[in-house]
Each structure stands twice: as C-alpha cells, then as structure tokens.
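Asker: The structure under discussion is supplied below as structure tokens; questions concerning it will follow.
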Amino acid sequence: MPKISVEVPRELLEDLDEHVGEDGKFVNRSEAVRASVRKTLDILDEVDARHGRLDDDE
C-alpha cells in the first residue's frame with residue numbers, strides 16, 4: 001500500500017486522536033484517515049452525481 005505524508009494542524013490531530021485507540025472507533029491513525037478519505041470521496045461523488053458531473057463508467 002502506498003504511503004503519503006500530510007501536515008495537519010495540531011488541533012485537528014488532537015481531535016483525530018480522540019477517535020483512535022482502545023476506546024476509539026479506529027485502531028490507528030491510518031485507519032481513521034482512510035475512513036475519512038473514503039467518506040469524503042463518497043460525499044463528493046453524490047454531489048457530482050446530483051449535478052450530472054459523473055462519467056457513466058463510475
């Protein structure tokens with residue numbers, strides 16, 4: 001799996017970390033970021049579909 005590097009504000013990282021770990025929704029930061037990216041892309045696809053901007057192949 002390819003790796004990427006992302007700079008985020010400290011406050012955002014602290015908020016992310018509240019959802020990671022034994023008591024959180026995600027096992028680690030990578031899982032949390034992947035889930036967020038997937039969700040964001042799904043939302044963008046829905047917006048594009050409503051505006052007729054998706055290709056028929058998608």
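Every number in this text was worked out from the coordinates using simple rules, so none of it is lab data. Just so we're clear, the structure is a prediction, and the values are computed from it rather than from any experiment. Please note: Cβ atoms are built from the backbone with ideal geometry, for glycine as well, and neighbour counts cover all protein chains shown.
Asker: Would you point out the residue of the stretch 22-58, among those that are of a type in the set (A, V, I, L, M, F, W, C) and surrounded by 13 or more Cβ atoms within 10 Å (Cβ to Cβ), that is farthest from V6 (Cα to Cα)? Quick ask: steps written out before the conclusion?
Answerer: Step one: of the stretch 22-58, the residues of a type in the set (A, V, I, L, M, F, W, C) are 26-27, 32-33, 35, 37, 41, 43-44, 47, 49, 54.
Filter once more, so that each one left must be surrounded by 13 or more Cβ atoms within 10 Å (Cβ to Cβ): 26, 32-33, 35, 54.
Numbers: F26: 18, A32: 13, V33: 10, A35: 15, L54: 27 Å.
Looking at residues that are of a type in the set (A, V, I, L, M, F, W, C) and surrounded by 13 or more Cβ atoms within 10 Å (Cβ to Cβ), I get L54.
Asker: Follow-up. Please determine whether any residue of the stretch 8-21 is touching a His at 6+ places or on another chain (Cβ under 6 Å) and surrounded by 10 or more Cβ atoms within 10 Å (Cβ to Cβ). Break it down stepwise before answering.
Answerer: Here is the first cut: in the stretch 8-21, the ones touching a His at 6+ places or on another chain (Cβ under 6 Å) are none.
So far as the stretch 8-21 goes, no, none of its residues is touching a His at 6+ places or on another chain (Cβ under 6 Å) and surrounded by 10 or more Cβ atoms within 10 Å (Cβ to Cβ).
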